[in-house]
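For reference, the structure discussed in these notes is given below.
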Amino acid sequence: MMNFLRKHNRKILILVIVVFVGSIFWIGAQSLGGGAADDRSIAKVYGEKIPFETYMSMYSISVRTASNNSETDLTDEQKNRIKTSILYELVQTEVMSAQAKKYGVTVSDAELDSYLQSNPMFRNNNAFDARAYFAFLNELRMTPNKYEELTRKQIAGIKLQRFLFASVKVFDNEFAAAKKVNSKIIFNDLARAKSNQILNEWYMGLLNDAFADGKIIVNEKLLGEI
């Protein structure tokens, strides 16, 4: 995979080394305590392992962000909701990435570059800020290649959703029937509602089949330790 920062100069490469010395040690220390490699995966989706370290980093960042935006301490229920949402997000990324491959949806290096360089988290004074980018990766405990691989999967999933969303059509008789129920409904709202319903049913069907076939396996033991 081509790193989109390859075009930057040697000073940036030095920054990478400085930032990730701590990350490499942290990941290595975590791995040593877990036994077999599979034991350190929070889930496996279509054969792709979701590292426990990635999950925990995202969970910690989300909890801290939610805590900073709350006037009171987070309850156990709120933390459990965050725990579930992070796992769901990571599983969804892998599921949609697999479907994107199935339908031939790809993400070019130019698309990845554009997405990363336009991300508000990585911009300062209307320009891409490499330090902000690497600071975020250091907090997330991921290398640039791993993060870009994850981001590429997410973009592929978004592209597939948009394609499927646009493929759903509303027929005249459906719109006429909807108008009888709600005279104020407009065509675009009905189209959006129909698309959402069809895509949700399609996605839930994928999840149910994947769980039933053992293509999605969640490490309940690790999840229970959090």
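Conditions first: (1) assigned to a helix (DSSP H, G or I); (2) over 21 Å from M204 (Cα atoms). S70 passes all but one, so which condition is the exception?
Here S70 clears every test but (1).
Please go through the stretch 170-226 and give me each residue that is under 30 Å from N80 (Cβ atoms), surrounded by 12 or more Cβ atoms within 10 Å (Cβ to Cβ) and small (G, A, S), ordered by number.
A210
Within the stretch 118-137, how many residues turn out to be in a helix (DSSP H, G or I) and in contact with a helix residue (DSSP H, G or I) (Cβ under 9 Å, 6 or more places away or on another chain)?
Counting residues in the stretch 118-137 that are in a helix (DSSP H, G or I) and in contact with a helix residue (DSSP H, G or I) (Cβ under 9 Å, 6 or more places away or on another chain) gives 10.
Any residue at all in the stretch 140-158 that's in a helix (DSSP H, G or I), among the acidic types (D, E) and either out of contact with any Asp or Glu (no Cβ under 9 Å at 6 or more places or on another chain) or at pLDDT 95 or above (or both)? Reasoning before the result, please.
Kept after step one, since they are in a helix (DSSP H, G or I), are these residues of the stretch 140-158: 140, 144-158.
If we keep only those that are among the acidic types (D, E) too, we end up with 148-149.
Narrowing the set further to residues that are either out of contact with any Asp or Glu (no Cβ under 9 Å at 6 or more places or on another chain) or at pLDDT 95 or above (or both) leaves 148-149.
Yes; the residues of the stretch 140-158 include at least one that is in a helix (DSSP H, G or I), among the acidic types (D, E) and either out of contact with any Asp or Glu (no Cβ under 9 Å at 6 or more places or on another chain) or at pLDDT 95 or above (or both).
Could you say which residue among K184, K159 is in contact (Cβ under 8 Å) with a residue 40 or more places away in the chain and out of contact with any strand residue (DSSP E or B) (no Cβ under 6 Å at 6 or more places or on another chain)? Give the steps one after another, and end with the answer.
On the way: K184 fails: in contact (Cβ under 8 Å) with a residue 40 or more places away in the chain.
Unique residue meeting the criteria: K159.
Specify which of the listed residues (L74, L87) is surrounded by 13 or more Cβ atoms within 10 Å (Cβ to Cβ), farther than 30 Å from D209 by Cβ and either among the aliphatic types (A, V, I, L, M) or touching a Gly at 6+ places or on another chain (Cβ under 9 Å) (or both).
Working: L87 fails: farther than 30 Å from D209 by Cβ.
Just one listed residue meets the conditions, L74.
Consider R123 against the criteria (1) in contact (Cβ under 8 Å) with a residue 40 or more places away in the chain; (2) farther than 20 Å from E149 by Cα: it satisfies all of them except one. Which criterion is unmet?
Failed condition: (1).
The values are calculated or read from the model by the stated rules, or taken from the named source; none is laboratory data. In this text the structure is predicted, and so the values were computed from the model without any measurement. Every residue, glycine among them, receives a Cβ derived from its backbone with ideal geometry; neighbour counts consider all protein chains shown.
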